[in-house]
Amino acid sequence: MHKKNRELAKIFERMADILEFLGDSKFRINTYRRVADLIGEVAEDIEELYSSGKLQALPGIGESTVKKIEEYLKSGKVSKYEELRKKVPEDLIELMDVPGIGPKTLRIAYDKLKVRSKEDFLRALQDGSLEILPGFGPKKVQNIIKGLELWKSARERIPLVEAYTIAQDLLEYMNECDSLEEISVAGSLRRVKETIGDIDILVSAPKERWGEVHNHFTEWEEIERVLAKGETKSSIILKNGRQVDLRTVEPESWGAALQYFTGSKEHNVRIRDIAKEKGLKVNEYGVFRVSDNVMIAGRTEEEVYGAIGLQCPPPEIRENWGEIELAIEHRLPELVDHSDIKGDFHMHTNWSDGAASLEEMVKTCYELGYQYIVIGDHSQSQRQANGLDPSRYEQQWKEIDNLNSIYNSRGFHILKGCEVDILPDGSLDLPDSLLEGFDFVVASIHSRFNQDNTERILKAMESPYVNLIGHPSGKSPGQREGYPLDMHKIMEQAKETGTALEINTYRVDIPPEWIRLCTEKGVKMAIVTDAHSVLHLKYMKLGVGIARRGWATKDVILNTESIEGIRKFVATKRKLLTKR
């Protein structure tokens, strides 16, 4: 996201929070929230949109909003925001980010318990005074405690999508430096872990050029402060508080350093033990014979693993989860690759809560080289997301038909889809008479996250029209852990009914052990971006990494099928279940 877009989106979101705390009108609060979402998700730089005159044409951007944006672009501040900030203690504004708290909860604590700081709130939580307030009780307090834990964790550990986005921006910047030869992320981000500590970047360059690399790194405009700047390692703190470390190595040690700094620790310990048994030692500089300290490998990771008799394991599975035994036998599975992906099954447009038009999403996906996409805007019960009722879906179908008349001849297909809500009793938010008209249906839960939702999902999969269960676990990074679920029952039902399970890139809601179990059982999965703007569509590559971390192979990933394969997948389920 562009820097000014990100800062402006935060300002409008924060103004909405403060206004809600102050009891202002819902209309103004919701307006600011919609503006924040739009600015945060629009692909273009807000400054370019303003200077070109296109800003006013965006939905929900009125004259008052334009003036605030103009003021920010000229002065770096929004006076209305500065005025509002003075009305609420800064500590309480920060606590509004905590899941389960929010402006309304803080207002009650402010009025009834005279809470004026973070310490006051935590004290009220611990001494039980918050629990006895009207509308609270033990369950709500427990949810607040969980929210605080998640919030604290998110501040200490970087959610995967955030770390990936930071790293991609930094890699793009670093590639402007002519001195480097190779560059890659390393550490837990390269292994695609759900959360990341510090972001690790590795660079290879001739030793005499290392200074230029570190100079370039420490001059990035996103830096808050430089923690250390050395010959081989520099560390920075970004304006968002995240730490990034950069190391430089010589080209002949590139593979060895990449293997070493990717980890995991458990994987690397096993590798060193195997090398030791062969009279070798492995470190970040290369593979050496112990007898005479001669380097025998190090330029590539394949060289490093090959020198000790192993097949090179993909970085995503280097956790000592059985990959080393298979690498010794040269029997590692061939994991799904980004080049295998032919489409995306879950995205939103400005028909519901997306920032981009249907045409913009289609154009971007076509340029990504896909064969097909599914447009999956929310159904009617999602009022806060501007969900579509049957008549609006039918209007959208006409627009999709028009676009297909242009794109089908180019080998690209836009499938009519939806993200239909699974209601509390397991029924669906749209009638079968309408669902039958869709090309592909995603069904998801958006409510009652504190209950076991196994039966709810099982019932939804019994519909002949449901092809994919969206974000099955209900998890959301930094917001909630997800609801209780019997995943074994879900997998069995998915396989029996011919329903796929979603690997949602943004939510990272299916852990690697579930993906691996699905792979072993032959349960189909679909990697989706759940994109709400054209910017989010680039996360497909990250989604593939999440699937690979769970040992997913091409045959279980629905996105690797051709358009004909997708139509057959849908038709097979309909034929199977309508016979029941």
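What do you reckon, is Asn30 closer than 14 Å to Pro103 by Cβ, out of contact with any Lys or Arg (no Cβ under 9 Å at 6 or more places or on another chain) and of a type outside the set (Ser, Thr, Tyr)?
Taking the combined requirement at face value, the residue satisfies it.
Report whether or not Val98 is surrounded by 16 or more Cβ atoms within 10 Å (Cβ to Cβ), in contact with a Phe, Trp or Tyr (Cβ under 7 Å, 6 or more places away or on another chain), at pLDDT 90 or above and among the hydrophobic types (A, V, I, L, M, F, W, C). So that I can check it myself, show each step before the final result.
Values: surrounded by 16 or more Cβ atoms within 10 Å (Cβ to Cβ): yes; in contact with a Phe, Trp or Tyr (Cβ under 7 Å, 6 or more places away or on another chain): yes; at pLDDT 90 or above: no; among the hydrophobic types (A, V, I, L, M, F, W, C): yes.
For Val98, the condition - surrounded by 16 or more Cβ atoms within 10 Å (Cβ to Cβ), in contact with a Phe, Trp or Tyr (Cβ under 7 Å, 6 or more places away or on another chain), at pLDDT 90 or above and among the hydrophobic types (A, V, I, L, M, F, W, C) - is not met.
Regarding Asp198, is this residue more than 29 Å from Ala109 (Cβ to Cβ), over 16 Å from the mean Cα position of the chain (by Cα), charged (D, E, K, R) and outside the structural domain of Gly40 (by TED's automatic domain parsing)?
On the way: more than 29 Å from Ala109 (Cβ to Cβ): yes; over 16 Å from the mean Cα position of the chain (by Cα): yes; charged (D, E, K, R): yes; outside the structural domain of Gly40 (by TED's automatic domain parsing): yes.
When the stated conditions are applied, Asp198 passes them.
Residue-wise test of (1) in a loop (DSSP other than H, G, I, E, B); (2) free of Cβ contacts under 8 Å to residues at least 40 places away in the same chain; (3) β-branched (Val, Ile, Thr).
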| residue | (1), (2), (3) |
| --- | --- |
| Arg155 | no, no, no |
| Ser184 | no, no, no |
| Asp200 | no, no, no |
| Val203 | no, no, yes |
| Glu221 | yes, no, no |
| Arg225 | no, yes, no |
| Ala228 | no, yes, no |
| Ser235 | no, yes, no |
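One residue is enough: does the range 398-409 have a residue meeting the conditions touching a helix residue (DSSP H, G or I) at 6+ places or on another chain (Cβ under 8 Å) and closer than 30 Å to Lys278 by Cβ? Before the answer, list the steps.
To start, the set of residues in the range 398-409 that are touching a helix residue (DSSP H, G or I) at 6+ places or on another chain (Cβ under 8 Å) comprises 399-400, 403, 407.
Add one more test, that the residue is closer than 30 Å to Lys278 by Cβ, and what stays is none.
Among the residues of the range 398-409, not one is touching a helix residue (DSSP H, G or I) at 6+ places or on another chain (Cβ under 8 Å) and closer than 30 Å to Lys278 by Cβ, which makes the answer no.
May I ask you to list the residues in the range 467-487 that are surrounded by fewer than 23 Cβ atoms within 10 Å (Cβ to Cβ), of a type outside the set (D, E, K, R) and in contact (Cβ under 8 Å) with a residue 60 or more places away in the chain?
Matches in the range 467-487: Pro477, Gly478, Gln479.
Looking at the range 132-146, I want the residues that are modelled with pLDDT of 80 or more and have a partner that is assigned to a loop (DSSP other than H, G, I, E, B) and of a type in the set (Gly, Ala, Ser) with Cβ atoms under 7 Å, at least 6 apart or on another chain. Which pairs are those?
That search, which allows pairs on different chains as well, returns Asn143/Gly100; Ile144/Gly100; Lys146/Gly100.
Looking at the range 205-214, is at least one residue among the charged types (D, E, K, R), closer than 24 Å to Gln259 by Cβ, assigned to a strand (DSSP E or B) and touching an Asp or Glu at 6+ places or on another chain (Cβ under 8 Å)? Reasoning before the result, please.
Residues of the range 205-214 among the charged types (D, E, K, R): 207-209, 212.
So of that shortlist, the ones also closer than 24 Å to Gln259 by Cβ come out as 207, 209.
Pick out the ones that are also assigned to a strand (DSSP E or B) and you get none.
No, the conditions are met nowhere in the range 205-214.
Considering every residue within the range 359-367, establish whether at least one is out of contact with any Pro (no Cβ under 7 Å at 6 or more places or on another chain), of a type in the set (A, V, I, L, M) and farther than 23 Å from Leu58 by Cβ. Lay out the reasoning, then the answer.
Going through the range 359-367, the residues out of contact with any Pro (no Cβ under 7 Å at 6 or more places or on another chain) turn out to be 359-367.
Adding the requirement that they be of a type in the set (A, V, I, L, M) leaves 361-362.
The next check asks that each one be farther than 23 Å from Leu58 by Cβ; those that pass are none.
Checked the range 359-367: no residue is out of contact with any Pro (no Cβ under 7 Å at 6 or more places or on another chain), of a type in the set (A, V, I, L, M) and farther than 23 Å from Leu58 by Cβ.
Inside the range 344-368, can you point out the residues that are surrounded by fewer than 18 Cβ atoms within 10 Å (Cβ to Cβ), modelled with pLDDT of 95 or more and among the polar types (S, T, N, Q)?
none
Step by step: first the residues of the range 557-569, then only those that are out of contact with any strand residue (DSSP E or B) (no Cβ under 6 Å at 6 or more places or on another chain) and in a helix (DSSP H, G or I), then the one that is surrounded by the fewest Cβ atoms within 10 Å (Cβ to Cβ). Which residue is that?
Looking at residues that are out of contact with any strand residue (DSSP E or B) (no Cβ under 6 Å at 6 or more places or on another chain) and in a helix (DSSP H, G or I), I get Glu564.
Does Pro103 fit the bill of being of a type outside the set (A, V, I, L, M, F, W, C) and in contact with a Gly (Cβ under 8 Å, 6 or more places away or on another chain)? Spell out the reasoning first.
Numbers: of a type outside the set (A, V, I, L, M, F, W, C): yes; in contact with a Gly (Cβ under 8 Å, 6 or more places away or on another chain): no.
Judged against the criteria, Pro103 is not a match.
Considering only residues that are within 32 Å of the chain's Cα centre (by Cα) and crowded, with 18+ Cβ neighbours inside 10 Å, look in the range 101-110 and name the one that is nearest to Glu20 (Cα to Cα).
Pro103
Let me confirm something: among Ala385, Ala355, which residue is under 20 Å from the mean Cα position of the chain (by Cα) and more than 28 Å from Val192 (Cβ to Cβ)?
Values: Ala355 fails: more than 28 Å from Val192 (Cβ to Cβ).
Checking each option against the conditions leaves just Ala385.
Does Pro464 qualify as being assigned by TED's automatic domain parsing to the domain that holds Phe345, crowded, with 16+ Cβ neighbours inside 10 Å and farther than 26 Å from Asp97 by Cβ?
Details: assigned by TED's automatic domain parsing to the domain that holds Phe345: yes; crowded, with 16+ Cβ neighbours inside 10 Å: yes; farther than 26 Å from Asp97 by Cβ: yes.
Spelling it out, Pro464 is indeed assigned by TED's automatic domain parsing to the domain that holds Phe345, crowded, with 16+ Cβ neighbours inside 10 Å and farther than 26 Å from Asp97 by Cβ.
Identify the single condition in (1) in a strand (DSSP E or B); (2) more than 22 Å from Met347 (Cβ to Cβ) that Lys495 does not satisfy, given that it satisfies every other one.
Single failed check for Lys495: (1).
Return yes or no: is Leu423 farther than 17 Å from Ala531 by Cβ and either outside the structural domain of Lys475 (by TED's automatic domain parsing) or crowded, with 17+ Cβ neighbours inside 10 Å (or both)? Write out each step before concluding.
Working: farther than 17 Å from Ala531 by Cβ: yes; either outside the structural domain of Lys475 (by TED's automatic domain parsing) or crowded, with 17+ Cβ neighbours inside 10 Å (or both): yes.
Here the answer is yes, as Leu423 does meet what is asked.
Say whether the condition of being in a strand (DSSP E or B) and surrounded by fewer than 21 Cβ atoms within 10 Å (Cβ to Cβ) is met by at least one residue in the range 544-553. First the steps, then the outcome.
Filtering the range 544-553 for residues in a strand (DSSP E or B) gives 553.
Keeping just the survivors that are surrounded by fewer than 21 Cβ atoms within 10 Å (Cβ to Cβ) gives 553.
Yes, because at least one residue in the range 544-553 is in a strand (DSSP E or B) and surrounded by fewer than 21 Cβ atoms within 10 Å (Cβ to Cβ).
When the residues of the range 523-543 are filtered to those that are of a type in the set (Val, Ile, Thr) and assigned to a loop (DSSP other than H, G, I, E, B), which remaining residue is farthest from the chain's Cα centre (by Cα)?
Filtering the range 523-543 for residues of a type in the set (Val, Ile, Thr) gives 523, 527-529, 534.
Then keep just the ones that are assigned to a loop (DSSP other than H, G, I, E, B); that gives 523, 529.
Numbers: Val523: 23, Thr529: 8 Å.
That would be Val523.
Going through Val523, Val508 one at a time, which residue ends up being of a type outside the set (D, E, K, R), at pLDDT below 95 and either surrounded by fewer than 22 Cβ atoms within 10 Å (Cβ to Cβ) or on the phi > 0 side of the Ramachandran plot (or both)? Before you say what the answer is, go through the steps one by one.
Working: Val523 fails: at pLDDT below 95.
None of the others qualify; the one that does is Val508.
Of the residues Gln380, Gln384, Gln371, only one is surrounded by fewer than 13 Cβ atoms within 10 Å (Cβ to Cβ), assigned by TED's automatic domain parsing to the domain that holds Asp439 and either at pLDDT below 95 or in contact with a helix residue (DSSP H, G or I) (Cβ under 8 Å, 6 or more places away or on another chain) (or both); which?
On the way: Gln380 fails: surrounded by fewer than 13 Cβ atoms within 10 Å (Cβ to Cβ); Gln371 fails: surrounded by fewer than 13 Cβ atoms within 10 Å (Cβ to Cβ).
The unique qualifying residue is Gln384.
Report yes if some residue within the range 253-263 is among the hydroxyl-bearing types (Ser, Thr, Tyr) and under 27 Å from the mean Cα position of the chain (by Cα); otherwise report no. First the steps, then the outcome.
Pass one, the range 253-263, residues among the hydroxyl-bearing types (Ser, Thr, Tyr): 253, 260, 262.
Of the ones still in play, those that are also under 27 Å from the mean Cα position of the chain (by Cα) are 260, 262.
Yes.
At least 2 residues that are outside the structural domain of Ile201 (by TED's automatic domain parsing) and hydroxyl-bearing (Ser, Thr, Tyr) in each: list the helices (runs of 4 or more DSSP H) lying fully within the range 248-308 that qualify. So that I can check it myself, show each step before the final result.
Working: elements: 254-262, 265-277, 301-307.
Helices (runs of 4 or more DSSP H) meeting the threshold: 254-262.
Quick one: would you say Ile490 is in contact with a Leu (Cβ under 8 Å, 6 or more places away or on another chain), outside the structural domain of Ile145 (by TED's automatic domain parsing) and closer than 19 Å to Gln380 by Cα?
Details: in contact with a Leu (Cβ under 8 Å, 6 or more places away or on another chain): yes; outside the structural domain of Ile145 (by TED's automatic domain parsing): yes; closer than 19 Å to Gln380 by Cα: no.
It is false that Ile490 is in contact with a Leu (Cβ under 8 Å, 6 or more places away or on another chain), outside the structural domain of Ile145 (by TED's automatic domain parsing) and closer than 19 Å to Gln380 by Cα.
Mind checking which residues of the range 415-458 are closer than 21 Å to Ser352 by Cα, aliphatic (A, V, I, L, M) and touching a Pro at 6+ places or on another chain (Cβ under 9 Å)?
Matches in the range 415-458: Leu430, Leu434, Leu435, Ile445.
The values are calculated or read from the model by the stated rules, or taken from the named source; none is laboratory data. Worth saying up front: this structure is predicted, and the values here are computed from it rather than measured. Glycine gets a Cβ as well: all are built from the backbone with ideal geometry, and neighbour counts include every protein chain shown.
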